[in-house]
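These notes are about the structure you will find just below.
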Amino acid sequence: MLSRRGFLRGVSGGVVAGGVALRARWTDAQVIAPTLTSGDLKPTGPLDEAYWWKVRSQFNILDGMTFMNNGTEGPVPRVVVEANEKFFREIAENPSNNYRREEVDVVRGLVAKFVNANPDEIALTRSTTEGMNLFTHGLDWKAGDEVIYCNHEHGGGIGPYTTLTKRIGIKPVIISIPSPPESVDQIVGRYEKAITPRTKVIMVSHMTYVTGLVTPVKELADLAQRRGLLISVDGAHPLGMMDLDLKAMNVHHYAAAGQKWMMCGTGTGVCYVRRDVQDRIWPLMGPPGEPKDGAKRYEAFGQRDVPSVLGMTAAVELQNAIGKPNVEARVRYLSTRLRAGLKQIPGVKLWTSEDPKFAAGLTLFSIRDIPMDNIQKAILARDRIYIRTMTTGNLNAVRAATHIYNMPAEVDHLIASVKHVAENSSRYMSTAVAQ
Ligand SMILES: Cc1ncc(COP(=O)(O)O)c(C=O)c1O
C-alpha cells in the first residue's frame, strides 16, 4: 500500500521537476534516520556530505521548503521536539513535581560546559532580550552615565538602554562601523574613541543581526578591562553556530538565544553573568537571593516552561554529537559557498564581509535597487526559499542564514534564484510576481 508520504512524493514528482529529487530524499531520510549520539562517528570535515545528510535527517523540515532564516528562529530537531513532548506529557499527567529543579540544574551544568562557563554563571532565560534586560536593568545607573553601542544593534539588546535614557537620563553614544570593516583595529578604535570619563558599559553584538558582522569581542573585552568598563554582549546568534568559549572571551555578560542557531524552540535562552560582577547586578524579579546562589538568582520569574528548558539537553547533546568545531566549520563552508556564488552575479551587492574573521552564518545582500520585499517574495514564490528582509540602517537588503541542516544544493538553489531575479530585475522593480 502507498504511504501518505509516498503518495505526496508521487504527486509533487509530477509537478515540480527541479525540486523532486531533493524532496524525495529528504522525506526518506526523515522516516529512517536514527538519532545522532555522542557515540557516533564525527564528520571527517565540512565536506563530508554523507555525514551532513545524516544531520539533515535529524530535522522534519517541511518538504520542498528551503529554510534559510535561522537568524530569527531555527527549525527544531526531532530529538528536541520529542524531549519537549515527553516532559510536557509527564508534567501534564503529574504536576506534583512541576519545577523539576534538580533536572533544570543538570541542564544548567550541561549548558555551562557547552559554552565554557561555570554553572553558577548561567541563568536559563526565555530569550536573548530577557538576558540583555537582566544585566542592564540589574546594574545601578546615574543620570549622565554613558553606554557605547553601534548603529546595527538589535532592539532586544538596546531596548533597556532606551528605557534607562527616558527613565534616568543615561546617555547612549552610538557609533557606526563600516560594512564591511577593514580591520579589527578599525572596529576597536571606533569604540575606544567613544570612551569618556562617564562611560560605564560597552554593549556589542557578537554577531550583528544586520550584516552578520562577527565583532572582535575578545579585543573589545580587553579594551573594557584596560579602561575599567563593563562589557555586555548580545550573543543572540553565535550559540549553536560558533564554537563559543565564554571564559576565553573575557566578557562580563553574554546573553544568547535558544531558539535560533541552538534550535531549542521558542522560550529558551542563556544568560552568562561572570561571577566577579554578580554583586553589581541586582536580580530584577523576586527576592534578591544570596550571592552563593550564583546566576540562578536571575531566574526568579515564577512558574516557567519547564519542558522547553529540559528539552535543551537534547539540543546540547545533538551539538556535542556533531562536535562544536564541526558545526562551525560546516556553517562557514555553506556561507562561504553562498557568498562566493552571490559575488559572481552582476548587480548583487554583498554587505557581509568575505573575511572569515568578520563573518559566519549570516549573509546580507541587495540586488540592484530592487525593493527587498519584492526580492524576498519572488524568491519564496518562485523557488520556495525562505529568507528575510532587512531595513536597519536604511538598508534595502535581504538576509540568508545557512545552518547545519542546509545542504550545498540548497545554497546553489538560492544562488540560482538570486541570479534569475538579478537578470530579470526590471520585472521585479514594482512587483514580486514571478513572470
Ligand atoms: C542580535 C539580536 N539580538 C537580540 C535578538 C532578540 O532575540 P530574542 O527573541 O531571543 O529575544 C535578536 C533576534 O533576532 C537578534 O538578532
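Every number here is computed from the coordinates shown, using simple stated rules; none is lab data. Predicted model only: the values in this text are computed from it and were never measured. Cβ sites come from the backbone with ideal geometry, for glycine too, and all protein chains shown count toward neighbours.
For region 81-319, what does the relative contact order come out to in percent, with C-alpha contacts under 8 Å and a separation of six or more? RCO, region 81-319: 29 percent. Each other residue within a Cβ distance under 14 Å of residue 184 adds +1 if Lys or Arg and -1 if Asp or Glu, for a net charge of -3. Cross-link reach is defined here as a Cα-Cα straight distance under 14 Å, omitting same-chain residues fewer than 8 places apart; for residue 54 the aspartates and glutamates meeting it are 28, 40. Span-like helix criteria (full DSSP H runs; alpha carbon extent of at least 24 Å along the helix axis; mean Kyte-Doolittle hydropathy of at least 0.0) are satisfied in the chain by 306-322.
When Rg and the Kirkwood Rh are both derived from Cα coordinates, the Rg/Rh ratio for region 121-225 amounts to 0.95. Counting Lys +1, Arg +1, Asp -1, Glu -1, what net charge surrounds residue 408 among other residues with beta carbon under 9 Å of its beta carbon? So the environment of residue 408 carries a net charge of -2. Label-to-label distance, residue 243 versus residue 340, with points set 7 angstrom from Cα along the beta-carbon direction: 2.0 nm. The per residue volume of the convex hull around the alpha-carbon atoms of region 196-250 is 81 Å³.
Could you work out [θ]222 nm for the chain from helices alone, using -39500 (n - 2.57) per DSSP H run of at least four and dividing by all its residues? Round to the nearest 500 deg cm²/dmol.
Computed ellipticity for the chain at 222 nm equals -13000 deg cm²/dmol.
Packing, as the average of other Cβ atoms within 10 Å across residues, places the peptides 105-113, 262-270 in the order 262-270, 105-113, highest first.
Cα-based values for the chain, radius of gyration first and Dmax second, are 22.4, 76 Å.
With 5 Å bins beginning at zero, the pair-distance distribution over Cα atoms of region 122-161 amounts to 5, 21, 29, 24, 15, 6, 1 %. Amide H contacts for residue 173 (H built 1.01 Å from N in the peptide plane; partners 5 or more residues away or on another chain; cut-off under 5 Å): 147, 148, 149.
Sorting 118-126, 159-167, 196-204 by their mean Cβ neighbour count within 10 Å, with the most densely packed peptide first, gives 118-126, 196-204, 159-167. For the chain, the relative contact order works out to 21 percent when only alpha carbon pairs closer than 8 Å and six or more residues apart are counted.
Considering only alpha-carbon pairs that sit under 8 angstrom and 6 or more positions apart, the relative contact order computed for region 321-381 is 27 percent.
Taking a ≥ b ≥ c as the square roots of the eigenvalues of the Cα gyration tensor, region 49-197 is classed as oblate, since a/c reaches at least 1.5 and a/b does not exceed b/c.
Note: region 81-319, Cα convex hull, 117 Å³ per residue. Subtracting the Cα-Cα distance of residue 105 and residue 186 from their residue separation scaled by 0.36 nm leaves 25.0 nm.
Between residue 301 and residue 219, the modelled label-to-label distance comes to 3.5 nm, taking each label 7 Å out from Cα in the direction of the beta carbon.
Comparing 330, 388, 280 in a Gaussian network model of the chain (Cα springs below 10 Å), the most mobile by mean-square fluctuation is 280.
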